[in-house]
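Structure, as structure tokens:
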Amino acid sequence: MIRSIAERTRLANGVEMPWLGLGVYRAEEGPEVEEAVRVALELGYRAIDTASMYRNESGVGRALRASGLPREEVFLTTKVWNSEQGYDSTLRAFEASLKRLGVDYVDLYLIHWPVPGRYKETWRALERLYRERRARAIGVSNFQIHHLEDLLAGAEVAPMVNQVECHPRLQQRELLDFCRAHAIQLEAWAPLMRGRLSDEPTLRRIAAARGKTPAQVMLRWNLQRGVVVIPKSVRRERIEENAGIFDFELSEQEMEALASLERGERIGPDPDHVDF
């Protein structure tokens, strides 16, 4: 049982990654993202997930420096955007992200989406960054099984993480099994389905029985499935609420009840149609 916000999962290469992190998608550059990161770090979060597309890497970097925490204590993730993909362009994009973040390395660098015809060359660039130890771990985001199979067929280094949309309405069971079999850590973005399940009766019933919120139940459910979670919020009360998931454990019956909520329902784009 995961009992503390300080606990980490060990990736295939031995790097340790926190089970809970703060996502900063749509957090505005400047005071908004800086305050969100400041609050999260103050509350014990030790993982921050950003991306070049979010346009807030500079604010994340400022908040990290202002925290006074040693760089090695905070697990920092960023991603290469679709228009930046390709071998040379990815290397340039990585340099630009480092400059904006104000760091010498990142803990995890991801391909943001599986752009057809480009993600293999992009992966070669990530392998280089990994060999140079400028990215402690490398991985992908929004890759389905067939994308992973295609990438693995020619990769020298296997992805260590796959970050995908994952919540009770889109449980990614087959993908989770595939990733487990290949020592790839699954990580959930939008683990709260952006608030759309807060009134779901099954969630509300379990939450009431546990003295928790539906959001806390959803996050705990993914943790117990072995999935890393990075809920996004810029509000202190939500960031604090999302961290309150380490003092209870869902029963087998409760896990089964949540499993019944699967609908194959996405709130984000379909990874098989990346035209953006």
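Starting from the 7 Å offset along Cα-to-Cβ, what nm value, one decimal, do you get for the label separation of Glu252 and Glu174?
2.7
So what does Arg131 come to for accessible area, using a 1.4 Å probe and Å² rounded to 10?
For Arg131, the solvent-accessible surface is approximately 140 Å².
Run the accessible area of segment 93-182 with a 1.4 Å probe and give the carbon-and-sulfur part as a rounded percent.
For segment 93-182, the apolar C and S fraction of the accessible surface comes to 45 percent.
So if we plug the beta-carbon distance of Leu152 and Asp270 into 1/(1 + (r/R0)^6) with R0 = 22 Å, what FRET efficiency do we get, rounded to 0.05?
0.55
Please report, as a whole percent, how much of the solvent-accessible surface of segment 40-85 comes from carbon and sulfur atoms (probe radius 1.4 Å).
Carbon with sulfur: 50 percent of the solvent-accessible area.
Give me the accessible area per residue for the chain, probe 1.4 Å, as a whole number in Å².
Accessible area per residue, the chain: 43 Å².
About its Cα centre, what dipole magnitude does the chain give when the only charges are +1 on Lys and Arg Cβ and -1 on Asp and Glu Cβ, stated in debye to the nearest 20?
400
To check you understand DSSP bridge types, tell me what percent of the beta bridges within segment 103-228 (both residues inside) are antiparallel, rounded to 5.
Here the antiparallel bridges make up roughly 10 percent for segment 103-228.
Using +1 at the Cβ of each Lys and Arg and -1 at the Cβ of each Asp and Glu in the chain, identify which of Tyr45, Gly195, Met160 lies farthest towards the dipole's positive end.
The one lying farthest along the dipole's positive direction is Tyr45.
Using only alpha carbons, build the gyration tensor for segment 40-149 and give me the equivalent ellipsoid semi-axes, biggest first, whole Å.
Equivalent ellipsoid of segment 40-149: 25, 14, 12 Å, largest first.
Could you size up the charge dipole of segment 77-200 around its Cα centre, putting +1 on the beta carbon of Lys and Arg and -1 on that of Asp and Glu, and report it in debye to the nearest 20?
Dipole about the Cα centre, nearest 20: 300 debye.
Given charges of +1 on the Cβ of Lys and Arg and -1 on the Cβ of Asp and Glu, with all other atoms neutral, how large is the dipole of segment 1-104 about its Cα centre, in debye to the nearest 20?
About 140 debye.
How large is the Kirkwood hydrodynamic radius of segment 129-211, counting all unique pairs of alpha carbons, in Å?
When all Cα pairs of segment 129-211 are included, the Kirkwood radius is 14.6 Å.
When the label point is put 7 Å from the Cα of Ser4 along its Cα-to-beta-carbon vector, which residues of segment 64-91 have a backbone N closer than 16 Å?
So the set is 73-74.
If you project the alpha carbons of the chain onto their three principal axes, what span does each projection cover, largest first, in Å?
Extents along the principal axes: 53, 42, 33 Å.
Number of Lys-Lys pairs in the chain under 26 Å by Cα, sequence gap 8 or more or different chains?
Total qualifying Lys-Lys pairs in the chain comes to 6.
Heavy atoms only, probe 1.4 angstrom, no DNA, RNA or ligands counted: give me Met1, Met218 ranked by accessible area, highest first.
Met1, Met218
How much of the DSSP bridge set in the chain is antiparallel, in percent, rounded to the nearest 5?
Restricted to the chain, the bridges split so that about 15 percent are antiparallel.
The values are calculated or read from the model by the stated rules, or taken from the named source; none is laboratory data. Since we're looking at a predicted model, the values are computed, not measured. With ideal geometry, Cβ positions are generated from the backbone for all residues, glycine too; neighbour counts draw on all protein chains shown. Heads up: the accessible areas ignore ligands, DNA and RNA and are worked out on the full protein's heavy atoms, side chains in. Shrake-Rupley method; radii C 1.70, N 1.55, O 1.52, S 1.80 Å.
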